[in-house]
Amino acid sequence: MSAPPAMSEPLLDVRGLQKFFPITKGFLQRTVGHVRAVDGVDFTVNEGETLGLVGESGCGKTTASRCILRAVDPTGGEILYRTRAGKVVDLATLSSSELLPLRTEIQMIFQDPFGSLNPRMTLLDNVGEPLLVNGIGNRRERTDRVAELLRLVGLRPEFMHRFPHAFSGGQRQRIAIARALATNPRLVVADEPVSALDVSIQAQVLNLLLELQSRLKLTFLFVAHDLSVVRHISDRIAVMYVGQLVELAPTAEIFGQPQHPYTAALMRAVPVADPRVRTADGILGGEVPSPAAPPSGCYFHPRCRHAVARCRVEAPELREIAPGHFTRCHLAGEVTF
Amino acid sequence: MTSDQTPLLSVRDLKVSFTLDEGLVRAVDGTSFDVMPGQVLGVVGESGCGKSVTMRAILQLVERPGRITGGEIRFRRRDGGEPVDLARLSPRGAEMRDIRGGEIALIPQEPMAAFSPVHTVGDQIVEAIQLHSHRWEAGGRKLSRRDARDITVGLFRDVGISMPEQRVDAFSWQLSGGLRQRAMIAMALSCKPSLLIADEPTTAIDVTTQAQVLALLRDLQAKYNTAIIFITHDLGVIAQMASYVVVMYLGRVMEEGPVDEIFHAPKHPYTKALLRSIPSLYGETRVALPVISGALPHPFNRPPGCPFHPRCPDVMERCSAAVPSLQPVAPNQLASCFLYHDQADAG
Ligand SMILES: Nc1ncnc2c1ncn2[C@@H]1O[C@H](COP(=O)(O)OP(=O)(O)OP(=O)(O)O)[C@@H](O)[C@H]1O
Ligand SMILES: Nc1ncnc2c1ncn2[C@@H]1O[C@H](COP(=O)(O)OP(=O)(O)OP(=O)(O)O)[C@@H](O)[C@H]1O
Ligand code: SF4
Ligand code: SF4
Ligand SMILES: [Mg+2]
Ligand SMILES: [Mg+2]
């Protein structure tokens, strides 16, 4: 729909992001270890583009998103954000009063539209809440804005006096999107926004997101585990494994020539919706390791069919193997995965 | 339905409704399909279309205030003889209990609900094996705990659980999602069923684990020649697993046929729309997907006539007046749609 934007200064530049959760034990809540939920995530998001963030359950997608929103405080790393005023700030270290004016610029859409909407509030109050919280407009202006937002997501403004339970799952997700757009954000972090929806409704919501993006020049960080969905909506894709970013590249390139064995395995595992195309052999064995006790060396080595001795001891760094194509694998470039 | 084999299971015009204060939910409203011995039948449909309720009806597990209000569920038992109509059996009677878990096994949709948290998974499977001892021992002798445990360890090995001797002593909550799913499959196989019903067995697990579980089910199917009803809303899983497909919408079968026909020559407007609306791994990206307009109707507000008519791009005048019945529309393929025939249902 829109061409990938030219390389400019990124809107968001995440560097070496880490988030550890303490594991406590006993009556005194002694810290006996850490869950390294996010442990080495680097990516940029350019203005107007969609970066897809994929990976299996527990790899740290939600935690990374929550760090960017500062719903949790990162353990380490930088989250450089270029504000509307053109200033670059580090979201990781801003105080809550410094964050406040930026709250309108960055918004989130969640997987569960039931959870993110208050069932006891009408659509007017649900969708208008971010305006109220940020002290934008009077009641009259907020009502007008909510009507406009509902129209934008394809719902009738008359619905604003109804409660969320009167709407279907897909309609509720539209309401949640309207709410996220209330403050005219620049960056929208969408955490599995279509995962809970039926296939026929999923297509409606994906189309809506694409349309809103081109109309409002939005920038998306789109988190999901469904590779077909992520491929459909993203300009570039970042793949996570056990808290780390393992590959990042433009969509066509990562699907055409994956440069990390995990990405390749992930793609082969997707059941193709065509009985004439048999899902390829080479199913990935084993299980995702716990982020509380990741393997030595390359976190993927116990499951990697290309692993060599070096992989067990030496942790690979994320490196740029081709312009804009990053991978965390010792053998990338030497082996086709 | 078109094979000259006799079906193992034959569901005809099944109806299940729930009587609630707010009204009557006709969860299953005249569903018909056959399962052939050794066949993998895929049942696909969006949330709430009645997939799970249909399967619970087959096992006589529909909970109050729901009940089977019509139709037949003819099942051919292992001992030969005439098929029994499961819909007529008493849910708690001896025959139904013997069939349930003995000849038809269910892998339920909620993985946590399948095992009790207070007993080890091994103990629960050992108990099931002892209960159905006659399936493992000629002559009907009750198996000892020890023998049943050996069988359990073997089953764990069959379903690809590493260190099976230790894993049988684990509690379900100590197992990862993938292992729990495998243990559940082992439990389902413990009675040597002739029909295995897998209700969204991979929906809650990751794609690489899903690939492992699907491969496992395929291997087991080939090894034991068990018929499987595979329920999912994932068209990719259906394409890779099923040989014959039933497409459901609002408690009715819209279309059924061999997997290749359903994906490459779908007839029913709902099947066609559903296939078009999923993003593929090969299509053009960042373009609008063809959508099915509107939303799934609320279960209390079933549309009159063809259930799909409010959303159907090909809707005609009579579609809201009469309910199209499931009729042959091509060799091996059936559809409920007035575009292909003018047979309406009486009820
Ligand atoms: N508040 C917390 N305290 C302790 N551990 C946590 C907390 N939040 C997340 N974790 C752990 O951090 C890891 C990453 O979790 P996260 O929710 O970010 O994963 P995810 O990629 O979003 O997974 P999913 O696909 O299941 O949503 C997991 O191991 C999780 O158990
Ligand atoms: N115990 C119950 N009481 C009332 N209504 C019920 C009950 N169980 C199911 N239903 C209704 O029956 C209909 C069919 O439900 P069912 O669980 O069979 O759907 P499904 O196709 O399995 O959906 P999903 O893909 O979400 O599992 C739904 O409208 C549901 O609300
Ligand atoms: S570094 Fe080694 S183990 Fe890790 S992905 Fe590359 S080849 Fe596999
Ligand atoms: S019967 Fe009519 S409304 Fe129903 S699917 Fe066929 S054409 Fe569409
Ligand atoms: Mg998450
Ligand atoms: Mg179900």
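In region A:10-93, counting only strands (runs of 3 or more DSSP E) that sit wholly within it, the ones holding 2 or more residues that are over 14 Å from the mean Cα position of the chain (by Cα) span A:12-25, A:30-45, A:76-82, A:88-90.
Within region B:95-104, can one find any residue that is touching a helix residue (DSSP H, G or I) at 6+ places or on another chain (Cβ under 6 Å) and either away from ligand 6 (no atom under 16 Å from the Cβ) or over 21 Å from B:Thr31 (Cα atoms) (or both)? Steps first, answer last, please.
The first filter runs over region B:95-104 and keeps only residues touching a helix residue (DSSP H, G or I) at 6+ places or on another chain (Cβ under 6 Å), leaving none.
No.
Those helices (runs of 4 or more DSSP H) of region A:110-217 in which 1 or more residues are within 14 Å of another protein chain (Cβ to nearest Cβ) and surrounded by fewer than 21 Cβ atoms within 10 Å (Cβ to Cβ) occupy A:113-116, A:169-181, A:199-216.
Which is within 14 Å of chain A (Cβ to nearest Cβ) and free of Cβ contacts under 8 Å to residues at least 12 places away in the same chain, of B:Gln174, B:Gln166, B:Gln210?
B:Gln174
Residues of region A:49-58 that are at pLDDT 95 or above and within 14 Å of chain B (Cβ to nearest Cβ): A:Glu49, A:Thr50, A:Leu51, A:Gly52, A:Val54. A single entry from B:Ala113, B:Ala128 fulfils the requirement of being within 16 Å of ligand 2 (Cβ to nearest atom), of a type in the set (A, V, I, L, M) and at pLDDT below 90: B:Ala113.
Kindly indicate whether B:Ala204 is facing chain A (nearest Cβ under 8 Å) and either within 16 Å of ligand 5 (Cβ to nearest atom) or crowded, with 24+ Cβ neighbours inside 10 Å (or both).
Numbers: facing chain A (nearest Cβ under 8 Å): no; either within 16 Å of ligand 5 (Cβ to nearest atom) or crowded, with 24+ Cβ neighbours inside 10 Å (or both): yes.
When the stated conditions are applied, B:Ala204 does not pass them.
State whether one or more residues within region A:102-114 are hydrophobic (A, V, I, L, M, F, W, C) and free of Cβ contacts under 8 Å to residues at least 24 places away in the same chain. Don't jump to the end; show me each part of the working.
Quick first cut of region A:102-114, residues hydrophobic (A, V, I, L, M, F, W, C) only: A:102, A:106, A:108-110, A:114.
Subset that is free of Cβ contacts under 8 Å to residues at least 24 places away in the same chain: A:102.
Looking for residues that are hydrophobic (A, V, I, L, M, F, W, C) and free of Cβ contacts under 8 Å to residues at least 24 places away in the same chain, one finds at least one in region A:102-114, hence yes.
Candidates are the residues of region B:14-40 that are assigned to a strand (DSSP E or B), more than 14 Å from chain A (Cβ to nearest Cβ) and within 22 Å of B:Leu220 (Cα to Cα); the one that is nearest to ligand 3 (Cβ to nearest atom) is B:Val35. For region B:134-165, the set of residues classified as at pLDDT below 90 and polar (S, T, N, Q) consists of B:Ser162 only.
Among the numbered conditions (1) touching a Phe, Trp or Tyr at 6+ places or on another chain (Cβ under 8 Å); (2) within 12 Å of another protein chain (Cβ to nearest Cβ); (3) under 30 Å from A:Pro289 (Cβ atoms), the only one that B:Ala198 does not meet is (2). Within region A:218-230, the set of residues being assigned to a loop (DSSP other than H, G, I, E, B) and either within 16 Å of ligand 1 (Cβ to nearest atom) or of a type in the set (D, E, K, R) (or both) comprises A:Ala224, A:His225, A:Asp226.
Among the residues of region A:56-79, some residue qualifies, meaning at least one is open to solvent by 40 Å² or more (accessible area, probe 1.4 Å), within 16 Å of ligand 5 (Cβ to nearest atom) and among the hydrophobic types (A, V, I, L, M, F, W, C).
Table: residues versus (1) in contact with a helix residue (DSSP H, G or I) (Cβ under 7 Å, 6 or more places away or on another chain); (2) more than 13 Å from chain A (Cβ to nearest Cβ).
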site	(1), (2)
B:Ala227	no, yes
B:His233	yes, no
B:Pro258	no, no
B:Arg276	no, no
B:Ala288	yes, no
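Residues in region B:220-257 that are open to solvent by 10 Å² or more (accessible area, probe 1.4 Å) and in a strand (DSSP E or B): B:Tyr244, B:Arg252.
Count of region B:154-174 residues, restricted to those that are crowded, with 18+ Cβ neighbours inside 10 Å and assigned to a helix (DSSP H, G or I), is 6.
Entry remark, region B:291-338: residues being within 14 Å of chain A (Cβ to nearest Cβ) and loosely packed, with under 14 Cβ neighbours inside 10 Å number 5 in total.
Scan A:Pro261, A:Pro250, A:Pro291 and give me the residue that is surrounded by fewer than 22 Cβ atoms within 10 Å (Cβ to Cβ) and either within 16 Å of ligand 1 (Cβ to nearest atom) or more than 7 Å from chain B (Cβ to nearest Cβ) (or both).
Values: A:Pro261 fails: surrounded by fewer than 22 Cβ atoms within 10 Å (Cβ to Cβ); A:Pro291 fails: surrounded by fewer than 22 Cβ atoms within 10 Å (Cβ to Cβ).
Being surrounded by fewer than 22 Cβ atoms within 10 Å (Cβ to Cβ) and either within 16 Å of ligand 1 (Cβ to nearest atom) or more than 7 Å from chain B (Cβ to nearest Cβ) (or both) holds for just one of A:Pro261, A:Pro250, A:Pro291, which is A:Pro250.
A Cβ distance below 7 Å, combined with a sequence gap of six or more or placement on separate chains, defines the contacts here; from region B:103-124, residues that are within 14 Å of another protein chain (Cβ to nearest Cβ) reach residues that are more than 16 Å from ligand 5 (Cβ to nearest atom) in the pairs B:Pro111/B:Arg180; B:Pro111/B:Gln181; B:Pro111/B:Met184. If the condition is being open to solvent by 20 Å² or more (accessible area, probe 1.4 Å) and over 20 Å from B:Val237 (Cα atoms), then region B:26-52 contributes B:Arg26, B:Ser32, B:Pro37. Within region A:265-287, can one find any residue that is open to solvent by less than 30 Å² (accessible area, probe 1.4 Å), over 22 Å from B:Thr285 (Cα atoms), among the aliphatic types (A, V, I, L, M) and without any contact (Cβ under 8 Å) to a residue 24 or more places away in the chain? Yes; the residues of region A:265-287 include at least one that is open to solvent by less than 30 Å² (accessible area, probe 1.4 Å), over 22 Å from B:Thr285 (Cα atoms), among the aliphatic types (A, V, I, L, M) and without any contact (Cβ under 8 Å) to a residue 24 or more places away in the chain. Residue check: B:Gly71 meets all listed conditions (1) within 14 Å of chain A (Cβ to nearest Cβ); (2) in a strand (DSSP E or B) but one, namely (1).
Here is a yes/no grid of residues against (1) farther than 27 Å from A:Leu69 by Cα; (2) modelled with pLDDT under 95:
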position	(1), (2)
A:Leu212	no, yes
A:Ala238	no, no
A:Leu248	no, no
A:His260	yes, no
A:Val272	yes, yes
A:Arg278	yes, yes
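Candidates are the residues of region B:109-128 that are over 23 Å from the mean Cα position of the chain (by Cα) and in a helix (DSSP H, G or I); the one that is farthest from ligand 3 (Cβ to nearest atom) is B:Glu127. Of all residues in region A:302-336, those satisfying the criterion of being within 24 Å of A:Arg15 (Cα to Cα), of a type outside the set (Lys, Arg) and either open to solvent by less than 50 Å² (accessible area, probe 1.4 Å) or within 7 Å of ligand 3 (Cβ to nearest atom) (or both) are A:Cys311, A:Pro316, A:Leu318, A:Ala322, A:Gly324, A:His325, A:Thr327, A:Cys329, A:His330, A:Leu331, A:Ala332.
The values are calculated or read from the model by the stated rules, or taken from the named source; none is laboratory data. Source: prediction; values computed, not measured. We place every Cβ from the backbone using ideal geometry, glycine too, and count neighbours over all the protein chains shown. We work out accessible area using only protein heavy atoms, side chains counted, and drop any ligands, DNA or RNA first. Shrake-Rupley method; radii C 1.70, N 1.55, O 1.52, S 1.80 Å.
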